[in-house]
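Heads up: the structure comes next, in structure tokens.
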Amino acid sequence: MIAYLERYAQHFGLAPLLGERVESVRPGDSVRPGDSDWITTTTARVYRSKQVIVATGYNAVPHLPRWPGQEQFCGRIMHSSDYHNGEPFRGQSVLVIGLGNSGGEIAIDLLEHGARVAMAVRGPVNIVPREILGLPILTISIALSRLPVRLADALAAPLVRFTVGDISKLGFRKPAFGPITQIKTTSRVPLIDIGTIKLIREGRIEVLGGVRSMAHTEVTFDDGSSRRCDTIVLATGFRPGFDRFLEPPGPGAQRTPPSKGSSGEPGLHFCGFHVSPMGMLRDIAIEARRIADKVVERR
């Protein structure tokens with residue numbers, strides 16, 4: 001993927017300006033109706049442009065919840081974005097909080113590096129296999145994409161049950177809606193399982209409930225039980241975070257990225273903020289072409 005991007009930039013003569021953090025993006029002082037003028041301030045300079053494309057991504061800023069007693073915990077607490085591999089945690093008791101795709105894969109990696117792994121899972125979860133009968137799960141999602149989401153979930157449910165099995169026996173609660181409905185309504189992607197569930201069934205990864213509080217070396221869960229932990233990995237997700245630099249259009253107003261590309265404000269576009277059951281990279285490519293067409297129209 002990296003090699004492709006490098007070749008792409010070279011082929012089209014693109015020269016990204018790296019090492020500049022964007023501090024603010026705000027409307028300029030253009031007064032002509034229908035015109036646009038944007039001022040972007042970075043740590044290095046100020047840019048004035050007719051158009052701005054915000055492509056910082058839906059998962060840009062780590063979400064860091066807090067629990068009572070967290071400041072007393074003597075071990076290490078880290079977000080999944082700071083996790084590289086499980087070697088430093090060999091022989092440790094590690095709690096992974098959250099069962100998203102980061103949490104599921106980190107749990108596998110920790111176990112493979114000799115850690116004792118437990119997972120804290122607070123709410124209901126949807127779990128789908130990476131592939132069904134040799135077909136990638138995204139291929140099946142694309143095939144079902146033209147159907148109403150609840151119908152698509154109903155058609156896929158027997159295949160998911162056949163491959164994943166009854167997750168209630170593993171300590172999980174299943175939501176009242178399927179994975180496609182979950183993505184459409186909550187913008188949260190279900191766990192695409194690459195082996196976590198097998199390890200849980202084998203008893204090699206322990207599943208616990210939601211975290212109630214923390215102490216010096218222990219974590220207490222919603223059912224009143226507690227576990228000693230050396231390290232806690234927060235697989236608690238991310239937030240878009242574009243509000244850190246994108247100034248709102250007026251006093252008290254907020255900007256919400258549209259589900260598809262253009263913001264409705266002249267010259268302001270968003271790319272990569274639509275969470276898709278058909279694969280983010282696939283949809284970003286489609287969205288990018290749509291935005292490029294709009295940019296050309298407004299030149």
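The values are calculated or read from the model by the stated rules, or taken from the named source; none is laboratory data. All values reported here derive from a predicted model rather than from experimental measurement. Quick reminder, even Gly has a Cβ in these numbers, built from the backbone with ideal geometry, and neighbours come from all protein chains shown. Protein only, heavy atoms only, side chains kept; ligands, DNA and RNA dropped before computing areas. Shrake-Rupley method; radii C 1.70, N 1.55, O 1.52, S 1.80 Å.
With a 1.4 Å probe and every protein chain kept in, tell me what percent of the accessible surface of the chain is carbon plus sulfur.
Carbon and sulfur together cover 54 percent of it.
Please get the size of the charge dipole for the range 94-216, origin at its Cα centre, with Cβ charges of +1 on Lys and Arg and -1 on Asp and Glu, quoted in debye to the nearest 20.
Value, rounded to 20: 440 debye.
Could you work out the relative contact order of the range 200-251, using alpha carbon pairs under 8 angstrom and six or more residues apart, expressed as a whole percent?
18 percent
Under 19 Å from the Cα of residue 184, which aspartates and glutamates turn up, not counting those fewer than eight places away in the same chain?
Leaving aside aspartates and glutamates fewer than 8 places away in the same chain, those within reach of residue 184 are 153, 283, 287.
Taking 0.36 nm per residue of sequence separation and subtracting the Cα-Cα distance, how much length would be gained by fully extending the chain between residue 7 and residue 204, in nm to one decimal?
My answer for the length gained is 66.6 nm.
Given a 1.4 Å probe, how much area per residue of the chain is accessible, in Å²?
Heavy-atom accessible area per residue stands at 58 Å².
What FRET efficiency, computed as 1/(1 + (r/R0)^6) with R0 = 22 Å and r the Cβ-Cβ distance, is obtained for residue 177 and residue 142, rounded to the nearest 0.05?
Efficiency, rounded to the nearest 0.05: 0.65.
Could you work out how much longer the chain between residue 154 and residue 286 gets when fully extended? Use 0.36 nm per residue separation minus the Cα distance between them, nm to one decimal.
That works out to 44.8 nm of additional length.
State the volume of the convex hull built on the alpha-carbon positions of the chain, expressed per residue in Å³ and rounded to an integer.
187 Å³
Find the percent of Cα-Cα distances in the range 18-140 that exceed 21 Å, and round it to a whole number.
Counting every Cα pair in the range 18-140, those more than 21 Å apart make up 63 percent.
Listed highest first by mean packing, meaning other Cβ atoms within 10 Å per residue, what order do 216-223, 81-88 come in?
216-223, 81-88
Run the simple label-point estimate for residue 133 and residue 72 please: 7 Å along Cα→C-beta, distance reported in nm.
5.5 nm
If you take every residue apart from residue 178 with its C-beta less than 13 Å away from the C-beta of residue 178, what net charge results, scoring Lys and Arg +1 and Asp and Glu -1?
Residues near residue 178 contribute +4 overall.
What does the helix-only formula give at 222 nm for the chain: each DSSP H stretch with n ≥ 4 adding -39500 (n - 2.57), the total divided by the residues, and the result rounded to the nearest 500 deg cm²/dmol?
Computed mean residue ellipticity for the chain: -8000 deg cm²/dmol.
Please name whichever of 145, 296, 270 sits farthest to the positive end of the charge dipole of the chain, dipole taken about the Cα centre and charges placed at Cβ: Lys and Arg +1, Asp and Glu -1.
Comparing the listed Cα positions along the dipole, 145 ranks first.
Find the relative contact order for the chain and round it to a whole percent, using C-alpha pairs within less than 8 Å whose residues are 6+ positions apart.
Across the chain, relative contact order equals 26 percent.
If I model a spin label as a point 7 Å beyond the Cα along the Cα-Cβ vector, how far apart are those points for residue 84 and residue 293 in nm?
Result: 4.4 nm between the two label points.
If you place +1 on the Cβ of every Lys and Arg, -1 on the Cβ of every Asp and Glu, and leave all else neutral, what size is the dipole of the chain about its Cα centre, to the nearest 20 Debye?
Charge dipole of the chain: 560 debye, to the nearest 20.
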